[in-house]
Amino acid sequence: MSDGSTAPPRRARLELLVRREDEGDGFDVRQIGSGVAFIQSRPARVPAGSFELAEVASKVDGQRSFILKNTATDRFLLLSDHEKFLWEQMNGQTSLQDIATAYMLRYGEFDFEIIPHLIRKLQRAQLLTMTPTSRLRQALARNRRKPVAKMAESALFALERVNISSRNVQPFFRGIYRWGGFLIFTRAAAVACVLLAIVGFAAGVRLWPDAERVVSGFGKSPLMAVISVKLLFLLTVGAHQLVHGLALIHYGRRVREFGFTFLHGFVPTFYVDVTDIFMGSRRARVVTAVSGALVHLVLGSAWLLIALRAPMGSFLQAFAAASGMIQWQAFVVALYPFCFIEMDGYHVLVDVLGIPTLKHDAMAYTGSLLRGRASRRFTRQEALFVGYVLVSTASVIAFIAFNVWLIVHAF
Amino acid sequence: MGSSADTQVFLRSVRLFRNVEGPELGILADSLRERSLKRGQVLLREGDTGDEMFLVRSGSLVISKAVTGRVEQVLARVGPGDFFGEMALFDRSPRSATISADDDAVLLVLDRATLAKLTEVSPRAAAAFFESLVLIFIERLRASGDLVAEVTRWGLEATGLDVETR
């Protein structure tokens with residue numbers, strides 16, 4: 001019996017056949033839903049000179065709104081404060097999925113209609129273009145006739161297809177949590193973590209004066225040793241993501257996906273979808289972000305303790321010391337927010353500051369400042385932007401210099 | 001390879017030959033060539049020349065049209081009892097789509113000379129064949145219209161474009 005309601009129309013799907021390269025007649029058939037294409041699209045606003053934005057403050061309720069004008073067509077749009085925020089994200093590089101996440105972080109709520117509604121409005125005013133691929137992929141596609149570009153594009157395409165993941169991971173994470181994972185989130189674990197960090201750091205300090213003798217344990221094949229250290233490190237990235245997932249379970253949220261892929265087509269990485277934590281408290285978000293990085297602190301300290309106990313100049317000592325060093329670096333990089341990389345520490349920082357697009361805004365403002373297009377009298381936020389770029393630049397230079405120094409002295 | 005009798009039994013189950021009588025089916029069965037394809041193999045490409053149509057005896061094939069680079073739009077899938085490639089049989093134009101085996105497949109090949117022979121030997125059987133062909137053409141034309149509408153809807157949904165209030 002019908003209840004009189006009408007089911008929403010099914011989303012359209014395209015069936016595409018994609019030929020495999022260099023595999024003779026091989027091909028894959030993929031079904032692409034229009035919804036997937038929509039959330040992965042990267043809307044780009046028209047170039048800077050093609051629009052003007054002016055603020056209008058209501059004298060009645062004090063609410064801010066904005067007038068957006070297309071200077072080419074003389075069409076005007078009225079944007080709310082929230083819509084202006086979304087408009088600023090539409091830089092052609094950020095996907096709608098990421099824009100929705102940024103919105104959620106900024107306002108702590110999400111109206112599922114706001115983005116499609118704004119896009120329709122902007123398209124009508126001809127203020128938007130849609131860019132489906134990254135700039136790198138566009139550049140490679142443009143230069144496809146050059147063998148190097150073609151090879152790079154093919155390699156990225158092949159690696160991007162490597163994605164081993166599951167969306168049905170909630171029972172798996174729940175199981176691990178129930179069978180001991182919950183212990184990670186106890187006060188005792190926090191104390192043990194701090195103690196281990198102190199002991200591990202002390203071990204590193206004691207090993208430091210003998211660094212040359214320690215790395216001599218790699219013998220005549222240091223490169224192979226470093227590669228094996230890196231491969232082992234990759235596995236610990238999986239553990240890092242696993243702990244993020246356990247944190248979600250701890251706060252009663254849902255782990256939507258867990259898997260392995262090649263980020264941007266060339267960075268092998270494990271990943272976990274923690275977006276459900278946005279519905280939790282700020283404390284839950286901070287704990288989720290920090291807990292994953294602590295895996296590297298614990299493992300790094302453990303490796304340094306092993307290195308301290310191992311025979312001086314042995315392979316075990318060199319391997320343990322290198323692994324400990326790399327884990328500590330990973331811990332610092334993951335939690336240090338000023339390095340232009342949007343990792344755990346950066347997410348904590350933007351959450352605390354309430355500026356989810358800090359990096360993007362800071363880069364844009366500093367760029368305009370360097371080109372002489374911005375006033376040199378800073379507001380507090382603009383000073384924050386400049387400070388972020390300065391500290392991040394100095395940090396990256398220091399990080400690279402430290403690693404170069406380390407490699408030069410080690411080998 | 002199947003015998004002529006097996007082929008005749010198969011042709012009887014094909015909608016295209018539903019109204020063709022037994023003796024004429026026998027003539028056809030003797031004239032059809034069999035062709036095998038491995039999974040992934042391309043039978044013919046968009047733009048190729050040819051004057052043959054194909055009946056699918058077993059397996060499945062994908063009919064696709066080039067879109068960009070290595071990407072093609074899937075127009076249809078065909079399986080046992082289906083046929084394709086008939087347009088080139090009549091208009092001698094280049095092939096309008098690419099046919100790839102989605103699975104190991106066995107095809108029967110009907111060329112222009114065989115069709116001419118059937119028309120000459122039995123105009124009544126040829127008329128029955130053409131009538132079935134036209135009915136299937138109509139179905140496919142309707143399906144093409146549906147596909148165009150689906151692709152258009154996909155484009156509108158994927159871009160969020162609102163054309164109603166533009």
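The values are calculated or read from the model by the stated rules, or taken from the named source; none is laboratory data. Since we're looking at a predicted model, the values are computed, not measured. A quick note on method: Cβ atoms are made from the backbone with ideal geometry, for glycine too, and the neighbour counts reach across all protein chains shown.
Could you check how many residues of the stretch A:184-230 are touching a residue at least 60 places away in the same chain (Cβ under 8 Å) and more than 27 Å from the chain's Cα centre (by Cα)?
20
What is the one condition in (1) over 24 Å from A:Ala330 (Cβ atoms); (2) touching a residue at least 24 places away in the same chain (Cβ under 8 Å); (3) part of a helix (DSSP H, G or I) that A:Arg254 does not satisfy?
The number of the failed condition is (3).
Filter the stretch B:10-27 for residues that are surrounded by 13 or more Cβ atoms within 10 Å (Cβ to Cβ) and farther than 22 Å from B:Phe137 by Cα and give the result.
B:Glu24, B:Gly26, B:Ile27
For residues in the stretch B:134-164 being more than 14 Å from chain A (Cβ to nearest Cβ) and in contact with a strand residue (DSSP E or B) (Cβ under 9 Å, 6 or more places away or on another chain), which is nearest to B:Ser64 (Cα to Cα)?
The extreme case among them is B:Ser144.
Give the residue, chosen from A:Ala197, A:Ala211, that is in contact with a Gly (Cβ under 9 Å, 6 or more places away or on another chain) and not aromatic (Phe, Trp, Tyr).
None of the others qualify; the one that does is A:Ala197.
Checking the condition in contact with a strand residue (DSSP E or B) (Cβ under 9 Å, 6 or more places away or on another chain), among the charged types (D, E, K, R) and either within 29 Å of A:Gly26 (Cβ to Cβ) or exposed (fewer than 14 other Cβ atoms within 10 Å of the Cβ) (or both), which residue from B:Asp30, B:Asp6, B:Asp104 passes?
Only one candidate qualifies: B:Asp104.
Looking at (1) assigned to a helix (DSSP H, G or I); (2) exposed (fewer than 14 other Cβ atoms within 10 Å of the Cβ); (3) more than 14 Å from every other protein chain (Cβ to nearest Cβ), can you tell me which one B:Ser93 breaks?
Failing condition for B:Ser93: (1).
Just to be sure before I move on: is A:Phe233 assigned to a strand (DSSP E or B), aromatic (Phe, Trp, Tyr), within 24 Å of the chain's Cα centre (by Cα) and farther than 23 Å from A:Met104 by Cβ in the structure I sent?
Answer is no for this residue.
With the structure loaded, tell me whether A:Val274 is crowded, with 19+ Cβ neighbours inside 10 Å, in contact (Cβ under 8 Å) with a residue 12 or more places away in the chain, within 30 Å of A:Gly108 (Cα to Cα) and touching a helix residue (DSSP H, G or I) at 6+ places or on another chain (Cβ under 6 Å) or whether it fails that test.
yes
Of the conditions (1) under 30 Å from A:Ala202 (Cα atoms); (2) modelled with pLDDT under 85, A:Trp303 fails just one. Which one is it?
A:Trp303 satisfies all of (1) under 30 Å from A:Ala202 (Cα atoms); (2) modelled with pLDDT under 85 except (2).
Take the residues in the stretch B:96-107 that are away from every other protein chain (no Cβ under 14 Å) and over 11 Å from the mean Cα position of the chain (by Cα), then tell me which one is farthest from B:Glu139 (Cα to Cα).
Only one residue tops the list, namely B:Val106.
Taking the stretch A:173-197, which residues are hydrophobic (A, V, I, L, M, F, W, C) and farther than 29 Å from A:Val332 by Cα?
A:Trp179
For the stretch B:111-126, state whether one or more residues are of a type in the set (Ser, Thr, Tyr) and within 18 Å of B:Arg140 (Cβ to Cβ).
no
Checking the conditions here, which among B:Val67, B:Val56 is within 16 Å of the chain's Cα centre (by Cα) and either β-branched (Val, Ile, Thr) or in a strand (DSSP E or B) (or both)?
After ruling out the rest, the residue left standing is B:Val56.
Out of the stretch B:37-67, which residues are within 14 Å of another protein chain (Cβ to nearest Cβ) and of a type in the set (Ser, Thr, Tyr)?
Scanning the stretch B:37-67 gives B:Ser60, B:Ser64.
Exactly one of (1) of a type in the set (Lys, Arg); (2) within 14 Å of chain A (Cβ to nearest Cβ); (3) surrounded by 14 or more Cβ atoms within 10 Å (Cβ to Cβ) is unmet by B:Arg112. Its number?
(2)
Filter the stretch A:193-215 for residues that are surrounded by fewer than 17 Cβ atoms within 10 Å (Cβ to Cβ) and more than 23 Å from A:Gly292 (Cα to Cα) and give the result.
Passing the criteria: A:Val205, A:Arg206, A:Trp208, A:Pro209, A:Asp210, A:Ala211, A:Glu212, A:Arg213.
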